[in-house]
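Below: one structure, written as structure tokens.
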Amino acid sequence: MKTGMKIGVLGAGQLGRMLALAGYPLDVDFVFLDPASEACAAPLGEHIHADYGDETALAEFCSRVDIATYEFENVPNAAAEFVAARVPLHPAPRALTAGQDRLSEKALFVSLGIPVPTHAAVDSRADLDRAVAITGLPAVLKTRRMGYDGKGQAVLRISADLDAAWASIGSQPLILEAFVPFERELSCLAVRAQNGQMAFYPLVENVHRAGILRTATPTVNDPLQAQGEDYARRVAEHLGYVGVMAFEFFVADGKLIANEIAPRVHNSGHWTIEGAETSQFENHLRAIAGLPLGSTALRGASVMVNYIGLAPELEAASALEGVHTHLYGKMPKPQRKIGHATVTAPDAAALRLRLARLLAILPDGG
Ligand code: AMP
């Protein structure tokens, strides 16, 4: 690797911040482009404070970096194409757009033989009735674009819920999905190098509340590991993917059903900073910089807990044995992710105890 490499990152949120923290030991410097003035990665590199549609700023960004990536999946395609025409951009724009529309994303999974929930496109109130006839109830109505952390979604339980759901999000293209009565939610974090080599972290079990990820726990020898890796490999190879990709699944009847992909490092992989030989952030940088991938093996037992909302309890939490706190430099607000903790322990029994101690002092039990 050449020393003093400069990596440009579209987006400067917490994922950009953690990419930079992983990059500095490798002598990598960072340039971020983000329209937010309070972007939380900004203190860790140069920050070009501009809109993604500002071509003068994008050209400036490209002139300052050797390679580029993104940490935000809703970067407009035009911005990604603009950058890719000037500097190597990984993952490529087609990987970015593959996950931006929930309907075409599902069509991609289906074309690769990956199971998805029963679903239908909804572009009008009449479509919604037709879609319910296909999926049945309960079902989840979602915006096709720009949804995150459960935003832009409505669960339909009875026919009387349809009008209210349509009134709240019906002004944009939607998708209706059958509600999957899942036993677990798992994600597969995969990394693909420029030479096509792939590495996979152990599948991660994710627990959400109100659409927001609460805890993420790496599994050990999960029976679905090979299946998850196979599905992630199909998508990554199809897209010529370079970098870390997260693939989220439901588990129903003991089988994986695809939910969505994120073409970036992912909240369900934050435990890898302390819990794996090589963090997802370092492996993403290695992949896009053309370096060999690092080991994805576990280092002991770990679990990630998101810090959500106001957190006067943080000081007590951070004092607990095995609790590694990461704060993102964000203003605390209700329901806002302001940081996370990785709880580590030498074994599963000790981990359970340490996690219970942490959850006991967090608001609403974490
Ligand atoms: P998403 O933004 O699609 O990842 O949805 C956020 C969360 O809502 C998921 O992690 C699930 O917990 C829940 N969810 C979304 N879609 C469905 C579905 N079709 N069936 C059951 N739960 C769902």
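Only the coordinates and a few stated rules stand behind these numbers; no lab work does. None of these values were measured; they are calculated from a predicted model. Here the Cβ positions follow ideal geometry from the backbone for every residue, glycine too, while neighbour counts run over all protein chains shown.
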> Say we look at the stretch 129-151 and pick out the residues that are under 22 Å from the mean Cα position of the chain (by Cα) and more than 9 Å from the ligand (Cβ to nearest atom); which of these is surrounded by the fewest Cβ atoms within 10 Å (Cβ to Cβ)?
Replying inline: MET146
> Is there a residue in the stretch 75-98 that is more than 18 Å from the chain's Cα centre (by Cα) and among the charged types (D, E, K, R)?
Replying inline: yes
>> Can you say whether ARG354 is buried (at least 16 other Cβ atoms within 10 Å of the Cβ) and touching an Asp or Glu at 6+ places or on another chain (Cβ under 8 Å), as far as the supplied structure shows?
In response: yes
> When the residues of the stretch 252-285 are filtered to those that are surrounded by 24 or more Cβ atoms within 10 Å (Cβ to Cβ) and charged (D, E, K, R), which remaining residue is farthest from HIS324 (Cα to Cα)?
Replying inline: ARG264
> Mind checking which residues of the stretch 313-336 are more than 30 Å from ALA68 (Cα to Cα) and either of a type in the set (Ser, Thr, Tyr) or in contact with a helix residue (DSSP H, G or I) (Cβ under 9 Å, 6 or more places away or on another chain) (or both)?
Replying inline: GLU313, ALA316, ALA317, SER318, LEU320, GLU321, GLY322, VAL323
> Name the residues in the stretch 152-185 that are assigned to a strand (DSSP E or B), near the ligand (Cβ under 10 Å from one of its atoms) and not acidic (Asp, Glu), would you?
Replying inline: GLN153, VAL155, ILE175, LEU176, ALA178
> Has the stretch 107-128 got any residue that is touching a residue at least 60 places away in the same chain (Cβ under 8 Å), part of a helix (DSSP H, G or I) and within 16 Å of the ligand (Cβ to nearest atom)?
Replying inline: yes
> On the given criteria, is ALA193 touching a residue at least 24 places away in the same chain (Cβ under 8 Å), away from the ligand (no atom under 13 Å from the Cβ) and either within 26 Å of LEU358 (Cα to Cα) or in contact with a Leu (Cβ under 7 Å, 6 or more places away or on another chain) (or both)?
Replying inline: yes
>> Condition (residue is over 14 Å from the mean Cα position of the chain (by Cα), within 16 Å of the ligand (Cβ to nearest atom), basic (Lys, Arg) and assigned to a strand (DSSP E or B)) applied to the stretch 206-220: is it met by at least one residue?
In response: yes
